[in-house]
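The values are calculated or read from the model by the stated rules, or taken from the named source; none is laboratory data. Remember, it's a predicted structure, so these values are computed and weren't measured experimentally. In this analysis, Cβ positions are derived from the backbone assuming ideal geometry, glycine residues included, and neighbour counts consider all displayed protein chains. We work out accessible area using only protein heavy atoms, side chains counted, and drop any ligands, DNA or RNA first. Shrake-Rupley method; radii C 1.70, N 1.55, O 1.52, S 1.80 Å.
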Amino acid sequence: MSKRSALSGHVVTRSLMFALPWALMAAPGCDGGERKSIAEQIGPPTKKVSELKQDSGVSEEELARRRKEAGFKTKAEIDAELAAENAKEMEKVEREWIKTRLKEYKQLDVDTGKFIDDVEKEAGKWAAAKDPQKAADKGIKPLQDRFKALIKQIDKLSERSTKGGNTQASYNKLFRPLEEVVNNLGPAIASEAAFTEAIKNARTELEGINKALEEIEKDETLTTNKFKEGEGDAKEEKKK
């Protein structure tokens, strides 16, 4: 064999070696058909997840009940618990604010109770006076001035309703209707049903506030700040 023939044979042999694996991969399957992809061999899922859930015969309500019994909580439940815990801690701080100023709050309640009694008493006097209008004109302004003083007291204690939590909300329910009464004082107001109802409700609200203050006073879990508005002084004292 010539040198050219030998070289040609060598080239053919190398070509076959590289071509053979690719030919095998592209060759028909044993069954004579084309080779299927993996997805085709596996085939489509028999059922969807939702269909399997329906076939289980368990409702969403039942699944929720079972999860609850097992101790699982939804995100909404966890968020609600965290919110409630935060609110509880915040209310504790507000109650401590009141306990620190308990003496002033109690005095406010005494002054408010006397004011309610005097409004009712004075209104009755105006109606029975020989000249109701004249009597009312004389007595209205002193009552209005006293009410302004009460509002000044509660604004100072609560820093304009920003402190006191739920107890401060009760004070708001007390003073807002009273303000309506004070703004509408007149010689015949004592005979009006709305006036009688407002006085009654004011006493009920005040009674509830007094009980709340008693509970705060007896609550040993609450701590008081002896420095009150001088918190900065307290920090300096600790450093020393």
Which FRET efficiency, nearest 0.05, do THR74 and SER161 yield, Cβ-Cβ r, R0 41 Å? 0.70
HN-Hα J in Hz across the stretch 203-208 - Karplus 6.51, -1.76, 1.60, θ = phi - 60°, x for Gly and Pro: 5, 5, 4, 5, 4, x
Residue separation times 0.36 nm, minus the C-alpha to C-alpha distance between GLU217 and ALA149: what's the value? 22.0 nm
Report the extension gain between ARG203 and GLU61 in nm, rounded to one decimal, defined as 0.36 nm multiplied by the number of residues separating them, less their alpha carbon distance. 46.4 nm
Could you sort the peptides 127-138, 98-109 by per-residue average Cβ neighbour count (10 Å cutoff), highest mean leading? 98-109, 127-138
Amide H contacts under 5 Å for LYS228, placed H, 5+ residues apart: none
Relative contact order computed over the stretch 83-157 (Cα-Cα under 8 Å; 6+ residues apart), in percent: 36
Just by accessible area at a 1.4 angstrom probe, what is the order of SER161, SER170 from largest to smallest? SER161, SER170
Heavy atoms of LYS92: accessible area, 1.4 Å probe, square angstrom to 10: 70
Extension gain ALA87-LYS228, at 0.36 nm per residue separation less the Cα-Cα distance, in nm? 48.5 nm
Using a 1.4 Å probe on the protein heavy atoms only, what accessible surface does VAL110 show? Give it in Å² to the nearest 10. 90
With x for Gly and Pro, the residue-by-residue ³J(HN,Hα) of the stretch 146-160, computed from phi through the Karplus equation 6.51 cos²θ - 1.76 cosθ + 1.60 at θ = phi - 60° and given in whole Hz, is 5, 5, 4, 5, 5, 5, 4, 4, 5, 5, 5, 5, 9, 6, 6
Table column - 3J(HN,Hα) (Hz), the stretch 123-138, Karplus curve with 6.51, -1.76, 1.60, x for Gly and Pro: 4, x, 5, 4, 5, 8, 6, 4, 10, x, 5, 5, 5, 5, 4, 6
Sorted on mean Cβ neighbours within 10 Å (highest first), peptides 204-212, 61-69 come out as 204-212, 61-69
